[in-house]
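Chemist: What follows is a single structure, and I will ask about it in a moment.
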Amino acid sequence: METVAGIVTHEPPPATGGRQGRPLIVTEDADLLDDLLRLCAAAGATPEVHHGVPERRGSWETAPLVLVGDDAAPRVRGAARRRGVVLVGRDQDDSGVWRRAVEIGADHVLVLPDGEQWLVDRIADVAEGVGRPALTVGVIGGRGGAGASTLACALAVTSAREGLRTLLVDADPLGGGLDVLLGGETAEGLRWPAFAASRGRVGGGALEESLPKLHALRVLSWDRGDCVAIPPQAVRAVLAAARRRGGTVVVDLPRRVDDGVAEALAQLDLGILVVPAELRAVAAAGRVASAVGMVLRDLRVAVRGPYAPGLDDREVARLLGLPLAGEVPVESGLLRPNEGKSPPGATTRGPLARFCKEFWERTLVEAGGA
């Protein structure tokens, strides 16, 4: 057994497979019940409360999470064994709690108040529904003007068109705003500054619903105010919430790596370094790759023409020592918001859309997705 922050566990919490449900509380301890109800409220869940095993058939078996007060352990001893049972107590010096946990088949023993944050997270998981996390891809330019934002938008637009839940995150406060590139700078919804004070857990569903919806995807971008930095804790909380919703998350990254960008890099499944095929760009991209590679293990290079003499996509990848993600095609007629044209990747028969579609097909297979 392993002890962490007042919790002893011998088995991981059960996956809920994306389904929502109400946690079940079993206790007659009024003070403990008040604490558990408070934690449920903090997690956005409305529990079902009983003094013993529920008489209604199926309630004990189907609840996604069962919180049994230490006082109620004798009353649930004969209940059907199931996963997702947590025995909750207050006395860290009570050695008998482990015996009672074994008798009721509990997965976890939690001692309040030390385990409160862990419990809030578990309750929120079952209230919100947790399935496969989103495939999260970061795009970063090897030098200025490499086309990283264009590729990030095209990847997100293509993902949404393929029917995947998609969130596009603008992590570059000095980039001008991806909502502008998508023609949605006036769209209603929250921008990054609204999340600057976020700490701990952010609800994935609430995050998604609060953001502008453009071209069938959600976009987290910047407003036109003076805020140019988000605390690392807020970046961590927001991206974790985005990933819990499943589908895909595309993050447009700046070339500098500060604490906030490091938090974003830590949550990526893979990164794409966009490099124009010219020697100076390759040299600049090498420095970017060195900094990014300190945090992100899976970094691949996407090469953009036209090619300088003696260079091709494979040679650029070799010089950088990175796997080749492919050649990013140049596509004319990309979005100019005031001209009302389509965003990058929106033309399904265009070369950029084809590149993005092939990228998602290949990467989703690598990740074990559909």
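The values are calculated or read from the model by the stated rules, or taken from the named source; none is laboratory data. All values reported here derive from a predicted model rather than from experimental measurement. Note that we place each Cβ from the backbone using ideal geometry, even for glycine, and neighbour counts take in every protein chain shown. Please note that ligands, DNA and RNA were not included when accessible areas were found on the heavy atoms of the full protein model with its side chains. Shrake-Rupley method; radii C 1.70, N 1.55, O 1.52, S 1.80 Å.
Chemist: Can you give the alpha-carbon Rg of region 180-260 over 2.2 N^0.38 Å, where N counts its residues?
Modeler: With N residues counted in region 180-260, Rg over 2.2 N^0.38 Å equals 1.06.
Chemist: Specify the angular offset, from 0 to 90 degrees and rounded to the nearest 10, of the alpha carbon long axis of helix 30-43 from the longest principal axis of the alpha carbons in the chain.
Modeler: Long axis of 30-43 versus the principal axis of the chain: about 10 degrees.
Chemist: Given Cβ point charges of +1 (Lys, Arg) and -1 (Asp, Glu) and nothing else, what value in debye, to the nearest 20, does the dipole of region 205-354 about its Cα centre take?
Modeler: Dipole about the Cα centre, nearest 20: 200 debye.
Chemist: For the pair R362 and E61, what calculated FRET efficiency results from E = 1/(1 + (r/R0)^6), where r is the Cβ-Cβ distance and R0 = 35 Å, to the nearest 0.05?
Modeler: With a Förster radius of 35 Å, E is 0.25.
Chemist: Could you work out how much longer the chain between V49 and W98 gets when fully extended? Use 0.36 nm per residue separation minus the Cα distance between them, nm to one decimal.
Modeler: Length gained, V49 through W98: 15.3 nm.
Chemist: Using only the alpha carbons of region 251-370, determine the length spanned along each of the three principal axes and report them from longest to shortest in whole angstroms.
Modeler: Computed over region 251-370, the largest-to-smallest principal extents equal 39, 38, 32 Å.
Chemist: Placing +1 at every Lys and Arg Cβ and -1 at every Asp and Glu Cβ, with all other atoms neutral, what dipole size does the chain have around its Cα centre, in debye to the nearest 20?
Modeler: With Lys and Arg at +1 and Asp and Glu at -1, about 1240 debye.
Chemist: Using the basic label-point model (7 angstrom from Cα toward the beta carbon), what is the V330 to V295 distance in nanometres?
Modeler: Reported label-point gap for V330 and V295 is 3.2 nm.
Chemist: For G200, what is the net charge nearby, where nearby means another residue's Cβ is under 12 Å from its Cβ and Lys, Arg count +1, Asp, Glu -1?
Modeler: Within the 12 Å Cβ shell, the charges total +1.
Chemist: What is the Cα coordinate range of the chain on the first, second and third principal axes, sorted by size from largest, in whole angstrom?
Modeler: The Cα atoms of the chain stretch 78, 41, 39 Å along their principal axes.
Chemist: Assigning unit charges at the beta carbon (Lys, Arg +1; Asp, Glu -1) and nothing else, what dipole magnitude in debye, to the nearest 20, does region 118-242 show about its Cα centre?
Modeler: That gives region 118-242 a dipole magnitude of about 280 debye.
Chemist: Another question about this same structure. What is the percent of Cα-Cα separations in region 106-177 that go past 18 Å?
Modeler: Counting every Cα pair in region 106-177, those more than 18 Å apart make up 60 percent.
Chemist: Among A106, P133, S198, which residue has its Cα positioned farthest towards the positive end of the charge dipole of region 57-205, with +1 placed on the Cβ of Lys and Arg, -1 on the Cβ of Asp and Glu, and the dipole taken about the Cα centre?
Modeler: Highest projection toward the positive end goes to A106.
Chemist: How much mean residue ellipticity at 222 nm does the chain get from its helices, if each DSSP H run of length 4 or more adds -39500 (n - 2.57) and you divide by all residues, to the nearest 500 deg cm²/dmol?
Modeler: It lands at -10000 deg cm²/dmol.
Chemist: Report the net charge of residues surrounding G321, where surrounding means a beta-carbon distance below 14 angstrom and charges are Lys +1, Arg +1, Asp -1, Glu -1.
Modeler: Taking every other residue near G321 into account, the sum is +3.
Chemist: Restricting to bridges with both residues inside the chain, how much of the DSSP beta-bridge set is antiparallel, in percent to the nearest 5?
Modeler: About 15 percent, rounded to the nearest 5.
Chemist: Once both axes come from the Cα atoms, what is the angle between helix 279-292 and the longest principal axis of the chain, in degrees from 0 to 90, rounded to 10?
Modeler: The angle comes out near 10 degrees.
Chemist: Ignoring ligands, DNA and RNA, please state the percent of accessible area on region 44-167 from carbon and sulfur, probe 1.4 Å.
Modeler: 49
Chemist: Let me ask another. Just in region 274-335: which trypsin sites (Lys or Arg not before Pro) are loop by DSSP and have at most 12 other Cβ atoms within 10 Å?
Modeler: The qualifying sites are R297.
Chemist: Gain in length, A308 to A196, computed as 0.36 nm per residue apart minus the alpha-carbon separation, to one decimal in nm?
Modeler: Net length gain for the segment: 36.0 nm.
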